[in-house]
1. Counting only residues that are small (Gly, Ala, Ser), more than 20 Å from ARG4 (Cβ to Cβ) and touching a residue at least 60 places away in the same chain (Cβ under 8 Å), how many does the stretch 110-159 have?
2. With a cut-off of at least 2 residues that are basic (Lys, Arg) and more than 24 Å from ILE82 (Cα to Cα), name the helices (runs of 4 or more DSSP H) lying wholly within the stretch 118-223.
3. Can you list the helices (runs of 4 or more DSSP H) lying wholly within the stretch 33-90 that have 1 or more residues being at pLDDT 95 or above and of a type in the set (Gly, Ala, Ser)?
4. Looking at (1) at pLDDT below 95; (2) surrounded by fewer than 22 Cβ atoms within 10 Å (Cβ to Cβ); (3) within 16 Å of the chain's Cα centre (by Cα), can you tell me which one ARG147 breaks?
5. Restricting to the stretch 190-223, give me the number of residues that are surrounded by fewer than 15 Cβ atoms within 10 Å (Cβ to Cβ), touching a strand residue (DSSP E or B) at 6+ places or on another chain (Cβ under 7 Å) and over 14 Å from GLU23 (Cα atoms).
6. Can you confirm whether the stretch 74-82 contains a residue that is closer than 25 Å to LYS169 by Cα, crowded, with 18+ Cβ neighbours inside 10 Å and among the hydroxyl-bearing types (Ser, Thr, Tyr)?
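The values are calculated or read from the model by the stated rules, or taken from the named source; none is laboratory data. Keep in mind that what you see is a predicted model, and the values were worked out from it rather than measured. In this analysis, Cβ positions are derived from the backbone assuming ideal geometry, glycine residues included, and neighbour counts consider all displayed protein chains.
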Amino acid sequence: MNSRKLFITGTNTEVGKTFVACEMLKYLVESSISVAAFKPIETGCTKKNSKLQPNDSKRFYRILDKVLSLDLINPYRFVPPISPNRAIRLAKRKITLDDYCEKLSLLNEHDYIIIEGAGGLCSPLSSDGLNIDFAKKIKMDSILVARDEIGVINNVILSINTFAKYKIKLRAIVLNRVNVKQPDGMNNAKELGSFTNIPIIQIIKGRPSKRAIKKLLNLTLLR
C-alpha cells in the first residue's frame, strides 16, 4: 500500500512545526481518516524509568489515541537538545536516511502519514543527510512553517529556493504569528504573496480555525 506522505519542516527550530502537525492530525482523526504520524528522530528527550521520553512525539501519540506505539512514531531519541547529527555522533552511533526510510515503511498500512522533521529545512537530520535530503529521498510534498515576524521574508524565500533546487513540491507556507503585536504596517503574508504563488496560510497565536486547517489539508494531503 502506498500511503500519501506529507513532510512538515520549518525555516528554523521553534517555529511551530509540531503545533501545525498536531492540528492537522486532530482534524484527520476527528474525520475518521486513517492517518499516522512519524518523527524519525527527536533530541532534548527526558529520561523516565530508564527510558527516553520524546516531548513532541508524545503529543502525536496522544492525539492518535495511543493506537500507534511511541516507538513506531518516534524510533530514535537522544537526551542532548542539539542537532540530531551531533547527538548521533556524541553517542558514537550511525543513523542514516535509509534507517529512517525503513522505520517509516512500518506505517504504510495507513492512508496518510504526517512526517515532522527536526529543526529547520537544512538542519542535519541523520549521519548522512539534512531534512531536505530526507524529503527528497522519500519524494514527499512539503509544508514550510515560519514564524510571522521581522526577517521571515528572507527566511521563507531562501527556503523556497532550496525546495526548487531539490525539485521538491512545496504545497503551502504557514505563517505562525506567535506575537500578536507587530510593527505598524508590517504584512508579511501580503509581501510574500508578491514573490511567490505558493499558498500562504496564517495562524495567529496558536488559534487556527478548522477552516484554516481544512484548507491546509486540502492543499496537501487531501488534494
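1. In the first step, residues of the stretch 110-159 are kept if they are small (Gly, Ala, Ser); the result is 117-120, 123, 126-127, 129, 135, 142, 146, 151, 159.
Next, from what is left, pick out any that are more than 20 Å from ARG4 (Cβ to Cβ): 118-120, 123, 126-127, 129, 146, 151, 159.
So of that shortlist, the ones also touching a residue at least 60 places away in the same chain (Cβ under 8 Å) come out as 118-120, 123, 126, 146, 159.
Count: 7.
2. Numbers: elements: 131-138, 152-166, 188-193, 210-219.
Here the list reads 210-219.
3. Values: elements: 55-63, 70-73, 84-90.
Answer list for the stretch 33-90: 55-63, 84-90.
4. (1)
5. Number of matching residues: 1.
6. No, there is no match, as no residue in the stretch 74-82 is closer than 25 Å to LYS169 by Cα, crowded, with 18+ Cβ neighbours inside 10 Å and among the hydroxyl-bearing types (Ser, Thr, Tyr).
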